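A.B. asks: This is the structure, below, for whatever I ask next.
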């Protein structure tokens, strides 16, 4: 069995990190929409976490574009 090229492996790993950041963002947006965040955070804490989560998801989106995003940019 031939080993996959390193670039393919790194692409897979970075896509998983991007997926995780997006799932985390969706979770925090769900917390916000449902109001459940009040059980876990103060308003200031939640706003800070939400800003961090959104910034992380946007950073991963810039660093690791999806294959379909790459095709659309061409």
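A.B. asks: Got the relative contact order for the chain handy, in percent, Cα pairs under 8 Å and 6 or more residues apart? Display every interim value, and only then the final one.
C.D. replies: Details: 22 pairs, mean separation 33.9, N = 74.
That works out to 46 percent.
A.B. asks: Measure nothing fancy, just the Cα-based angle from helix 43-63's long axis to the longest principal axis of the chain, in degrees from 0 to 90, nearest 10.
C.D. replies: 10
A.B. asks: Report the rotationally averaged projected area of segment 22-65 based on its alpha-carbon convex hull, in square nanometres.
C.D. replies: Numbers: hull surface 11.4 nm².
About 2.9 nm², averaged over all directions.
A.B. asks: Next up: Output the 0 to 90 degree angle, nearest 10, between the alpha-carbon long axis of helix 6-34 and the longest principal axis computed from the alpha carbons of the chain.
C.D. replies: The answer is roughly 20 degrees.
A.B. asks: Right, here's the next one. What share of all Cα pairs of the chain, in percent, falls into each consecutive 10 Å distance bin?
C.D. replies: Cα pair-distance distribution for the chain, in percent: 18, 36, 25, 15, 5, 0.
A.B. asks: Would you mind computing Rg(Cα) / (2.2 N^0.38 Å) for segment 1-40, counting N as its residues?
C.D. replies: On the way: Rg = 16.6 Å, N = 40, 2.2 N^0.38 = 8.9 Å.
Ratio of Cα Rg to 2.2 N^0.38 Å: 1.86.
Values in this text are rule-based calculations from the coordinates and carry no lab data. Bear in mind that the values here come from a model prediction, so they are computed numbers and not experimental data.
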